[in-house]
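Following: one structure in structure tokens, then a few remarks.
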Amino acid sequence: MSPNDSLEASPETSTQWNPFQSPLKSVEPWNFQLLTVLMCLITTLSIAENFIVIIVTFKFKQLRQPLNYIIVNLSVADFLVSIVGGSISIATNSRGYFYLGPWACVLEGFAVTFFGIVALWSLSILAFERYVVICRPLGNLRLRGKHSAIGILFVWVFSFIWTIPPTMGWSSYTTSKIGTTCEPNWYSGETEDHTYIITFLMTCFVLPLMLIFVSYGKLMRKLRKVSDTQSRLGSSRKPEKEVTRMVVIMILAFLICWTPYAAFSILVTAHPTIELDPRLSAIPAFFAKTASMYNPIIYVYMNKQFRRCLLQMFHCTDLEPKESNIATSERVVLNRTNHGGEMQAIAAHITSNSSNRKTEEEQSSCNSFAQLTISENKIGPM
């Protein structure tokens, strides 16, 4: 089904409404104006935040670590989805209908879906990386550049495989009920379209969601054991609480952004003839687009190393780095690793970091992190 086939019956009359020729009469103009303002805000913030992430990582060599490659890949996907999908959505909402034509509908539907799935799978790879590094199910495996490259290549190829079929005849990209945005054809009652939608949801939503929950579930059990060791040593539980808070925010942001859209997609796929207010049906799609604005804040700006580099780039700090505390902490970790078990090593690392936290935050700048060894980057949370 091509975008031109997505003509719907107008709520007021039995005539066919063409979303490429005129606005939906049942939706008042102020609704489109509100959506235009919201999309302008979301798109501007997303482009600015993700562009800063890319520039800061490119500028500071010490940020070019395997883990950060995945974060930058996430930022690139969010940046591109805002450039393509955000700009088209602003233009169409400003006129109240998809005046750019069917070709732009296919472009927006493919771009938003493709880059959105790249972002989702990047989050899943990031969660799996944290699990492998901290829980060490594969032994003392170090995350290297080639591992990040393989993960990034998988994300892009896998996402392309499952988002290109609608442009080649297996289902289609069509306008939504409100007529100013395009998406996979959830509304079709054809069996062929249903098979694509079900396969798409399983591979591009359910699987990454399961990977995130399993990875962070195992990670939190590991950190709880470390916390118990800390208690026996009389140390604080603050590091675990900080990690727990960040993990909860990650999962909640993922669910808030994408679950409403997935639930809506499942609903209209199961009941294609269901009558929904066009404005109500547009909410889940716009919710999902806000993910590109939240991701840089959660996954990057909560990273102290990146934050210090950002401040240094804008000349907000010129303090001289003092590395004595960091060096002491590193020696403790290495000694514990050589003479004790894995759990004691992680516990000693968190304990020493907790005791030196205040001095480190006040006195160190981005350059001091350039001296951290790979073991420090591996064990410490973002």
- [ ] Quick one: accessible surface of residue 78, probe radius 1.4 Å, all protein chains present, in square angstrom to the nearest 10.
- [x] 10 Å²
- [ ] Give me the orientation-averaged projected area of the Cα convex hull of segment 144-212, in nm², one decimal.
- [x] 6.1 nm²
Task: Dipole of segment 75-206 [Lys/Arg +1, Asp/Glu -1 at C-beta], most positive-end residue of 127, 181, 104 - done: 127
Open item on the list: Longer than 26 Å from Cα to Cα, which of 61/304; 61/222; 222/289 are they? Say none if no pair is.
Closed with: 61/222; 222/289
TODO: Output the Cα-based Rg and Dmax of segment 100-193 in Å, rounding Rg to one decimal and Dmax to a whole number.
DONE: 17.7, 54
Task: residue 304 versus residue 100: modelled label distance in nm, points set 7 Å from Cα along the beta carbon direction - done: 4.3 nm
Open item on the list: Between residue 313 and residue 271, how high is the FRET efficiency from 1/(1 + (r/R0)^6) when r is the Cβ-Cβ distance and R₀ = 45 Å? Nearest 0.05.
Closed with: 0.30
Task: Solvent exposure, largest accessible area first (probe 1.4 Å, DNA, RNA and ligands not counted), of 49, 275 - done: 275, 49
- [ ] State in Å² the accessible area per residue of segment 24-179; use a 1.4 Å probe, count heavy atoms of protein chains only, and round to the nearest integer.
- [x] 42 Å²
- [ ] Can you figure out the FRET efficiency of residue 192 with residue 263, using R₀ = 25 Å and their beta-carbon distance, to the nearest 0.05?
- [x] 0.65
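The values are calculated or read from the model by the stated rules, or taken from the named source; none is laboratory data. Keep in mind it's a predicted model, so treat the numbers as computed, not measured. In this analysis, Cβ positions are derived from the backbone assuming ideal geometry, glycine residues included, and neighbour counts consider all displayed protein chains. For accessibility, only protein heavy atoms count, side chains too; no ligands or nucleic acids. Shrake-Rupley method; radii C 1.70, N 1.55, O 1.52, S 1.80 Å.
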